[in-house]
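> Before I ask anything, let me first share the structure, which is written out below as structure tokens.
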Amino acid sequence: MRQGLYLVLSDPQHQFPTVTRSSEPFIVLRLDTDDPAATDGKSVQLSSAAPAASTLWTLRDGEPAVRLEPGQVLPIWSGAAIHPELAALLRLSRTAEAGASLVPVPLLLIGVRQGARTVRSSYFACTRVRRSGTSWVRIGEVERASVVLEELIAPGLELLAGERREISSELHQFTNFHKNTEIEVKLTLTTETSPAAVADHFVSLVERDGLPGFVSDLGNELQRWEYSQTTFEILSPDHEKGYMGFVAQADGTYVIRHKTFPQDTLRRREVFHRGIEAEPSGFEGYLAATFPEMRFRRLPAFSRSRFDVNLESTATGHFFGIETDEVVAGDHVMRQVEIEYHKSRRIPCVNPDDIESELFRLQDLVLAELKAIGIEADAGYRSKLSFLRDLVDR
């Protein structure tokens with residue numbers, strides 16, 4: 001069979017332990033591209049507007065593949081649903097009744113590459129379906145002397161069975177290899193600019209494939225935040241130096257952001273104390289009663305507006321944020337672009353050892369892009385604690 005990208009749709013029973021069973025065949029669509037290189041990394045993302053197919057087959061176990069002739073290039077998705085034209089071709093547009101065919105779900109994405117003597121098939125399982133597209137994660141590969149369509153799917157189903165519990169629930173797909181540790185670099189902007197405009201530029205850049213090796217965190221492409229914080233510097237003991245910041249919540253309680261770092265650096269310990277019931281005038285009393293071994297000083301309150309562009313590295317399976325924020329304390333302003341590690345895919349081929357190298361690669365890309373659009377920035381680790389402390393100490 002030809003090299004390229006093949007999309008497999010079928011009954012959800014192959015990935016999810018559903019009670020309903022059907023005799024739904026596998027639908028194999030050869031995507032309208034000849035480049036299987038997209039499946040070289042740990043993950044793949046397909047835009048719902050992009051994938052199309054002019055060649056497709058139905059395949060049942062033990063039977064020859066049946067080629068369907070749509071007579072045109074068919075779109076595959078309409079938002080998060082199977083496109084009506086494809087559904088009509090597969091006779092799936094009617095309301096399903098007991099025993100009738102079920103609407104197929106995206107099951108496997110297979111990159112087939114022809115080598116000098118062997119054929120390599122890279123298998124990816126679907127982990128997320130959104131209006132904007134689908135996300136896929138590598139579950140393994142198989143190399144053989146040759147491959148025919150009828151033999152393409154079975155190895156993928158075996159691989160899928162081994163990884164199913166890690167990828168079928170969106171709550172279980174990710175982990176953080178460094179829990180309670182914040183890993184980020186901070187680009188302090190020296191050019192006055194709008195943080196929202198910077199974020200808009202980068203989210204658009206990602207959509208145009210302008211950051212090589214990075215795609216958006218599908219369905220979580222852009223987040224916007226605003227909050228105020230009352231900050232207390234931890235003066236002692238030395239091993240606890242850092243700060244505690246009180247952030248008001250919608251229910252009237254506070255979250256304390258407890259960060260520990262003796263100096264501005266790449267990694268900082270961060271834990272959250274939630275459900276704190278206190279009044280701003282009583283923050284000192286709360287800290288004295290709850291953390292009697294620590295000594296604090298109150299720093300100026302600030303407001304923070306933040307715009308996060310969330311990304312995935314397809315080469316490594318790690319997720320990062322390009323987080324543009326503006327911190328205002330009285331008449332003083334600090335604007336930064338933070339490059340932060342968020343999470344990683346929970347699959348064996350993802351390696352925590354390349355988190356930092358990929359974070360710094362992203363930093364270099366962001367710095368170059370900022371310079372290209374006329375924004376100067378100083379790379380480093382300058383914290384909000386240093387910003388506030390400088391205001392007081394001056």
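The values are calculated or read from the model by the stated rules, or taken from the named source; none is laboratory data. These numbers were taken from a predicted model, which means no experiment stands behind them. Neighbour counts run over all protein chains shown; Cβ positions are idealised from the backbone, glycine included. Accessible surface areas use protein heavy atoms only, side chains included; no ligands, DNA or RNA. Shrake-Rupley method; radii C 1.70, N 1.55, O 1.52, S 1.80 Å.
> Hey, any hits in the range 302-315 for a residue that's at pLDDT below 95, open to solvent by less than 20 Å² (accessible area, probe 1.4 Å) and among the aliphatic types (A, V, I, L, M)?
No, the conditions are met nowhere in the range 302-315.
> Just to be sure I understand, how many residues within the range 328-387 are more than 26 Å from TYR243 (Cβ to Cβ) and assigned to a loop (DSSP other than H, G, I, E, B)?
Final tally of qualifying residues: 10.
> Here's a check for you: in the range 175-200, which residue that is acidic (Asp, Glu) and not in a loop (DSSP other than H, G, I, E, B) is surrounded by the most Cβ atoms within 10 Å (Cβ to Cβ)?
Result: GLU184.
> What number of residues within the range 102-155 satisfy the criterion of being open to solvent by less than 20 Å² (accessible area, probe 1.4 Å), in contact with a Ser or Thr (Cβ under 8 Å, 6 or more places away or on another chain) and in a helix (DSSP H, G or I)?
So the answer is 0.
> Can you name the residue in the range 379-394 that is open to solvent by 40 Å² or more (accessible area, probe 1.4 Å) and over 25 Å from the mean Cα position of the chain (by Cα) and, of all such residues, is nearest to ARG335 (Cα to Cα)?
In this case the residue turns out to be ARG382.
> Taking SER216 as meeting all but one of (1) among the hydroxyl-bearing types (Ser, Thr, Tyr); (2) touching a residue at least 40 places away in the same chain (Cβ under 8 Å); (3) surrounded by fewer than 19 Cβ atoms within 10 Å (Cβ to Cβ), write down the number of the exception.
(3)
> Next question, about the same structure. Suppose we filter the range 259-276 for residues that are part of a strand (DSSP E or B), farther than 16 Å from TYR341 by Cβ and not β-branched (Val, Ile, Thr); how many remain?
Looking only at that region, the number is 4.
> Here's something else I'd like to know. Tell me whether the range 361-376 contains one or more residues that are open to solvent by 30 Å² or more (accessible area, probe 1.4 Å), under 22 Å from ASN176 (Cβ atoms) and of a type outside the set (Phe, Trp, Tyr).
Yes - at least one qualifying residue is present in the range 361-376.
> On to the next question. For the range 338-355, what are the residues that are touching a helix residue (DSSP H, G or I) at 6+ places or on another chain (Cβ under 6 Å) and closer than 17 Å to TRP225 by Cβ?
Hit for the range 338-355 is ILE339, nothing else.
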